[in-house]
Amino acid sequence: NAGVTQTPKFRVLKTGQSMTLLCAQDMNHEYMYWYRQDPGMGLRLIHYSVGEGTTAKGEVPDGYNVSRLKKQNFLLGLESAAPSQTSVYFCASSYAGSSIYGYTFGSGTRLTVV
Amino acid sequence: KQEVTQIPAALSVPEGENLVLNCSFTDSAIYNLQWFRQDPGKGLTSLLLIQSSQREQTSGRLNASLDKSSGRSTLYIAASQPGDSATYLCAVRLSGNTPLVFGKGTRLSVIA
């Protein structure tokens, strides 16, 4: 049981380059989320999705786009990377409308923009 | 806007000590609260989840309590061990379809 898988685990980008981070979950979760974690800032929500084909903005969405074409996958795109986007990115998923079950997190993607 | 605060930001204790980590939140109408552990360079591992109707949850040496009226939760760790050294994060959810809001965490060091 893989849970939540993020690829790649590490990446270095030059300013202005683009890339896509992939999150895949095999738990049939309806909801999926992208967070970034920065020193002293904690985890901040970028975008999230409550179902296939739906996305919503979080606290820090600027500079990012997302897509949820399949229930099990949630993609995070950076169209033109900036040094301010250097961070560790975490994907998470959860069931819809259940207070019993919480989030499951992936292991993260460490992105450096130079 | 829900805000979550964790105090202290860092804590160092000798092995064997019982300790309490604190979490406070501004909106008491929460759906559930989740405690996570994060080891350096790793992802988040869920420790305990407390539903809004519950007062506490226990797992092994860990006990999490919830007091919605005062906007507080505590994570109690009994007989701490060096392997407990990690950052502990508290997060709350206001409804079933709203995302978790995280505190900045407490970095715990247990000294052998």
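Applying 1/(1 + (r/R0)^6) with r as the Cβ-Cβ distance of B:Q54 and A:Q72 and R0 = 30 angstrom yields a FRET efficiency of 0.45. Over all orientations, chain A has a Cα convex hull whose mean projected area works out to 6.9 square nanometres.
The GluC sites (Glu not before Pro) of segment B:13-97 that meet both conditions, a loop assignment by DSSP and at most 15 other Cβ atoms within 10 Å of the site Cβ, are B:E15, B:E17.
Qualifying trypsin sites (Lys or Arg not before Pro) in segment B:21-66, where qualification requires a DSSP coil assignment and no more than 15 other C-beta atoms within 10 Å, comprise B:K42, B:R55, B:R61. The spacing between segment B:62-112 and segment A:37-114, judged by their C-alpha centroids, is 22 Å. Report the full-extension gain for the segment B:S69 to B:N97: residue separation times 0.36 nm, less the Cα-Cα distance, to one decimal in nm. So the chain would gain 7.9 nm between B:S69 and B:N97. Structure note, pairs B:K1/B:K68; A:K14/B:K1; B:K42/B:K68; A:K57/B:K104; A:K71/B:K104: Cα-Cα distances above 24 angstrom occur for A:K14/B:K1; B:K42/B:K68; A:K71/B:K104. Between B:E3 and A:D62, the distance separating the two model label sites (each 7 Å from Cα on the Cα→Cβ line) works out to 2.1 nm. Each of B:L11 and A:S18 was given a label point 7 Å from its Cα along the Cα-to-Cβ line. The distance between the two points is 4.7 nm. Computed from the C-beta positions of B:A79 and A:S107 and an R0 of 35 Å, the FRET efficiency is 0.75 to the nearest 0.05.
A short reminder: the numbers here are calculations on the coordinates, not readings from a lab. Remember, it's a predicted structure, so these values are computed and weren't measured experimentally. Glycine also receives a Cβ, built like all others from the backbone with ideal geometry; neighbour counts cover every protein chain displayed.
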